[in-house]
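Please treat every number below as a calculation from the coordinates, not as lab data. This is a predicted model, so every value here is computed, not measured. No Cβ is skipped: glycine too gets one built from the backbone with ideal geometry, and neighbour counts run over all protein chains shown.
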Number of protein chains: 2
Amino acid sequence: MTNPTACLLVIGNEILSGRTQDVNINFLARRLGQIGIPLREVRVIPDVPETIIGTVNAVRASFDHVFTTGGIGPTHDDITAECISAAFGVPWEIHAEAFALMNARYPAGEFNAARQRMATMPRGATLIENSVSTAPGFTIGNVHVMAGVPRIMQAMFEALAPTLEGGPPIISRAVYALGLLEGRIAADLEAVQKRFPQLDVGSYPFAREAGHGVAIVSKGTDIAAAEAATAEVTVLMEKLGLAPIQGEPAA
Amino acid sequence: MTNPTACLLVIGNEILSGRTQDVNINFLARRLGQIGIPLREVRVIPDVPETIIGTVNAVRASFDHVFTTGGIGPTHDDITAECISAAFGVPWEIHAEAFALMNARYPAGEFNAARQRMATMPRGATLIENSVSTAPGFTIGNVHVMAGVPRIMQAMFEALAPTLEGGPPIISRAVYALGLLEGRIAADLEAVQKRFPQLDVGSYPFAREAGHGVAIVSKGTDIAAAEAATAEVTVLMEKLGLAPIQGEPAA
């Protein structure tokens with residue numbers, strides 16, 4: 001079975017200006033790998049309508065699933081839902097179920113126009129539950145629209161995940177050695193990659209308090225192959241006179 | 001004067017798998033804003049030749065500068081330089097100056113084929129100094145190719161930055177209030193944005209130990225406008241009975 005693919009759109013000027021350090025990419029990368037829908041591309045784009053619309057239409061044609069984070073709050077710079085409507089060519093209108101959920105949440109008179117914006121969605125959208133702060137995300141076609149605030153995004157993703165059909169989970173096996181230099185193992189490592197074409201064999205230098213070295217990570221859906229490749233890399237490290245350690249080096 | 005634009009390509013399976021938390025986007029976003037070449041888009045793409053080649057050619061036509069991070073080491077998964085050569089349609093060949101620099105660094109016999117890969121570049125490339133570990137980055141056309149390891153990338157960027165002609169720096173002014181909810185200020189905030197079309201006025205909820213609230217950030221090249229917009233937002237917060245504080249909330 002092949003794995004369905006995912007693309008993530010991070011929508012927000014605050015990432016592109018450097019105001020905010022993104023942590024959503026990493027969370028979704030890990031979780032999507034676990035449920036067998038590996039993340040194949042990320043685009044970080046600004047709050048500009050034509051950019052959002054054009055990018056959504058480009059990537060929803062190229063990937064099985066598109067996830068978006070950001071731009072679904074109540075302020076003028078929250079334009080994701082309106083842009084997704086335009087991308088799909090459907091009306092941007094009050095979603096009755098979302099409206100009812102949010103109307104029940106606010107005291108009388110406080111569910112104002114700005115907040116009603118959060119219940120305004122592309123026609124045909126289905127809701128993604130927000131267990132943190134009520135205002136839901138939504139899915140339309142293969143596009144899943146989530147909040148940008150990490151805690152809310154994570155809750156939305158966990159509500160959505162059981163509804164997504166993934167392939168086998170992407171697993172990894174790692175081995176590392178202190179004192180290893182990439183240039184000393186590169187040629188042999190390429191041969192390992194060639195013997196295991198079903199894996200991605202990656203080489204990652206690190207510099208930690210415990211010392212410098214390189215971690216070699218074998219990744220894919222074939223656990224037996226990942227373990228065999230890691231065993232071969234372990235032997236290569238030993239032949240260089242090093243003491244390989246299974247797993248990833250501590251941060 | 002308008003500002004030249006930048007796009008960043010983060011090349012590497014390790015970001016897309018979630019193995020590695022990217023920090024290069026944030027560093028470059030901040031530094032590029034400071035030198036007046038604002039970051040307008042980021043794409044994170046895998047170590048797949050046709051993806052790298054296609055993406056480089058798409059974005060180098062759309063932005064004034066393209067920066068890449070990752071994939072210029074000595075191992076088989078380091079394919080950035082070869083792919084950039086293909087994107088520009090020029091030979092991928094030993095760069096004499098890079099070769100000499102690296103040859104001088106290694107003890108006799110240790111500048112092996114894998115390491116020579118790091119001195120193999122698109123014909124016509126000019127070097128970006130690497131003060132950390134010698135192996136240089138390079139520029140070809142409007143594409144600047146840097147390492148993925150943050151410390152090395154940062155050194156390369158600082159070597160490159162003085163050669164780039166930016167526009168006026170992007171500055172920001174911020175004010176925040178504890179207890180503020182976005183939905184209460186959204187309508188007035190939109191009016192502020194409309195009065196200052198030369199700025200991006202962004203609204204960012206936060207939840208910190210000190211409490212919940214919202215920060216309003218006005219950003220652009222017009223410092224006087226950013227200060228005037230922030231003064232208006234301060235008044236809006238006071239009218240809601242809150243105590244606005246200039247600057248960003250502490251992390």
**OP:** Grab the DSSP H runs of chain A that are 4 residues or longer, score each as -39,500 (n - 2.57), total them, divide by all residues and round the 222 nm result to the nearest 500 deg cm²/dmol.
**Re:** -11000 deg cm²/dmol
Subject >> Pair A:ILE171, B:PHE99: separation of 7 Å Cα→Cβ label points (nm) >> reply: 4.6 nm
Original post:
If we count other beta carbons within 10 Å of each Cβ, what is the order of B:GLU182, A:GLU14, fewest first?
Top reply: B:GLU182, A:GLU14
Original post:
Can you pull the Rg over Rh of chain B, Cα-only, Kirkwood?
Top reply: 1.09
Original post:
Between copies, how far does the label point of B:ASN103 sit from its twins, in nm, shortest first, when each point is 7 Å from Cα along Cα→Cβ?
Top reply: 7.9
Original post:
Roughly how big is the protein assembly as shown's charge dipole about its Cα centre, with Cβ charges of +1 (Lys, Arg) and -1 (Asp, Glu), in debye to the nearest 20?
Top reply: 160 debye
Subject >> Column: log10 I(q)/I(0), Debye, Cα scatterers of the stretch B:16-63, q = 0.18, 0.19, 0.22, 0.23 Å⁻¹ >> reply: -0.72, -0.79, -0.95, -0.99
Original post:
Looking only at Cα atoms, what is the convex hull volume of the stretch A:171-246 per residue, in Å³?
Top reply: 73 Å³
Subject >> Candidates per GluC sites (Glu not before Pro) in the stretch A:195-237, loop by DSSP, up to 13 other Cβ within 10 Å >> reply: A:GLU209
**OP:** Would you work out the charge dipole size for chain B about its Cα centre, treating the Cβ of every Lys and Arg as +1 and the Cβ of every Asp and Glu as -1, and quote it to the nearest 20 debye?
**Re:** 120 debye
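Give the relative contact order (percent, whole number) for the stretch B:6-163; include only Cα pairs under 8 Å separated by 6+ residues.
Working: 277 pairs, mean separation 36.5, N = 158.
With pairs under 8 Å counted, the relative contact order is 23 percent.
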Original post:
Highest GNM mean-square fluctuation, chain A, Cα pairs closer than 10 Å: which of A:ILE185, A:ILE171, A:ILE79?
Top reply: A:ILE185
Original post:
Hey, got the average number of other protein chain Cβ atoms within 10 angstrom for residues in B:7-20?
Top reply: 6
Subject >> For the stretch B:6-68 versus the stretch A:16-64, the gap between their alpha-carbon centres in whole angstrom >> reply: 13 Å
Subject >> Copies compared at B:VAL235 - label distances in nm, ascending, label defined 7 Å from Cα in the Cβ direction >> reply: 7.7
Original post:
Tilt of helix B:150-160 relative to the longest C-alpha principal axis of chain B, in degrees (0 to 90, nearest 10)?
Top reply: 90 degrees
Original post:
How much length is gained on full extension from A:ALA108 to A:ARG31, taking 0.36 nm per residue of separation minus their Cα-Cα distance?
Top reply: 23.8 nm
**OP:** Arrange the following residues from fewest to most other Cβ atoms within 10 Å of their Cβ: A:THR126, B:THR163.
**Re:** B:THR163, A:THR126
Subject >> chain B: angle of helix B:96-105 to the longest principal axis, Cα-based, in degrees nearest 10 >> reply: 90 degrees
**OP:** Starting from a label point 7 Å past Cα on the Cβ side, list the distances from A:ARG30 to the same position in the other copies, nm, shortest first.
**Re:** 2.3
Subject >> Total charge dipole magnitude, the stretch A:98-200, about the Cα centre, Cβ charges on Lys, Arg, Asp, Glu only, Debye to nearest 20 >> reply: 220 debye
**OP:** State the answer as a single residue: which of A:ALA207, A:GLY18, A:SER133 lies farthest towards the positive end of the charge dipole of the protein assembly as shown, with beta carbon charges of +1 for Lys and Arg and -1 for Asp and Glu, about the Cα centre.
**Re:** A:ALA207
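At a Förster radius of 22 Å, what calculated FRET efficiency corresponds to the Cβ-Cβ distance of A:ALA191 and B:GLN116, to the nearest 0.05?
0.80
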**OP:** Scan the stretch A:76-126 for chymotrypsin sites (Phe, Trp or Tyr not before Pro) in coil per DSSP, keeping those whose Cβ has at most 10 other Cβ atoms within 10 Å, and list them by number.
**Re:** none
Subject >> Distance histogram for the stretch A:94-154 (every C-alpha pair counted, 5 angstrom bins, percent rounded to whole numbers) >> reply: 4, 19, 30, 25, 17, 5, 1, 0
Original post:
Between chain A and chain B, with a rotation axis joining them, whose C-beta in A is nearest that axis, and what is the whole-Å distance?
Top reply: A:ARG43, 3
**OP:** Enter the angle in degrees (range 0 to 90, nearest 10) between the Cα long axis of helix B:223-239 and the first principal axis of the Cα atoms of chain B, meaning the one along which they spread out most.
**Re:** 40 degrees
Original post:
So how far, in whole Å, is the C-alpha centre of the stretch B:160-239 from the one of the stretch A:81-136?
Top reply: 25 Å
**OP:** Show me A:61-67, B:103-109 ranked by packing, highest mean number of other Cβ atoms within 10 Å first.
**Re:** A:61-67, B:103-109
Original post:
Mind listing P(r) for the stretch B:10-103? All alpha-carbon pairs, 10 Å bins, whole percents.
Top reply: 14, 41, 35, 9
Original post:
Per residue, what volume in Å³ does the convex hull of the Cα atoms of the protein assembly as shown enclose?
Top reply: 153 Å³
Subject >> Mean Cα-pair separation over length for the stretch B:58-147, i.e. relative contact order, pairs under 8 Å, 6 or more apart, % >> reply: 36 percent
Original post:
So who's got an amide H within less than 5 Å of the one on A:ILE72, skipping anything under 5 residues away but keeping other chains? H placed 1.01 Å off N, in plane.
Top reply: A:GLY148
